[in-house]
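What follows is a short report on a single structure.
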Amino acid sequence: MASEELQAPRRSSRISGQGKVETPALAKKPRKPSKAGTKRAAEEVGSDEKYKKAKANEDETVEENHDDVDADLVGPIDIGDILPSMTLKNEKGEDVDTGSIAAEKGVVLFLVPKADTPGCTAQACGFRDIWQEFASLDYDVYGVSADSSAAQNKWQTKKQLPYPLISDPKRLLIGVLGAGDGNKTKRSHFVFEKGGKLLDRKMPVKPADSPRLALEFIKGLSE
């Protein structure tokens, strides 16, 4: 009996001092992207590509605009310079390449402020009346104004003008010739030899004097 009382109490089968055994963490499986995530990623890539393309187009546009601005700033041309090339319309609405009109013959360009007005009609009819003399000297005559092709066509028919008219509503050619004055055109005329080199200009000039002075200058070239 006494031996039973003196017997030490039995410990639990679990040893309290034993170190904790840690369970190794399970490796996480990579998560598959959801369909929504894949779609969103594709859209982001697509948006990035669209941005790059838009940016490239924008850069090209800027370069083109710079080219246009540089072209507009050329001028006015001086004696000895070549008639520049630009595409404008004639009185019939047809394209005219100004750089090629003097390829085969000399050219006289006379500029008027406004079609079918008294002073401009006097100048135009003056060239009409001696037009054959210019032709005999191997020169073509062109009238130039900022009027529309329709207005020029009406004026040409009304006054029986035998030569073409060039419509320059933005005053591009007029500006390059140095005859632009804001939204106005300075009355003038310009003589180009065959090949397009500028030989003579009169600006300003009186309506009645313009045809005569242009013809006298051309005749003087052969003397």
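The values are calculated or read from the model by the stated rules, or taken from the named source; none is laboratory data. Quick caveat: nothing in here was measured; it's all calculated off a predicted structure. FYI the Cβ positions are ideal-geometry reconstructions off the backbone, even for glycines, and counts take in every protein chain you see.
Among the residues of region 174-214, those that are surrounded by fewer than 21 Cβ atoms within 10 Å (Cβ to Cβ) and assigned to a helix (DSSP H, G or I) comprise GLY175, ASP209, ARG212, LEU213. Against the definition (free of Cβ contacts under 8 Å to residues at least 40 places away in the same chain and within 25 Å of PRO84 (Cα to Cα)), how does ALA102 come out, yes or no? No, not satisfied. Considering only region 120-128, I want to know if a residue exists there that is in a loop (DSSP other than H, G, I, E, B), modelled with pLDDT of 95 or more and out of contact with any Pro (no Cβ under 8 Å at 6 or more places or on another chain). No, because not a single residue in region 120-128 is in a loop (DSSP other than H, G, I, E, B), modelled with pLDDT of 95 or more and out of contact with any Pro (no Cβ under 8 Å at 6 or more places or on another chain).
Residues of region 126-168 that are touching a strand residue (DSSP E or B) at 6+ places or on another chain (Cβ under 7 Å) and exposed (fewer than 14 other Cβ atoms within 10 Å of the Cβ): ASP138 alone.
Within region 160-171, the set of residues being more than 27 Å from the chain's Cα centre (by Cα) and touching a residue at least 40 places away in the same chain (Cβ under 8 Å) is empty.
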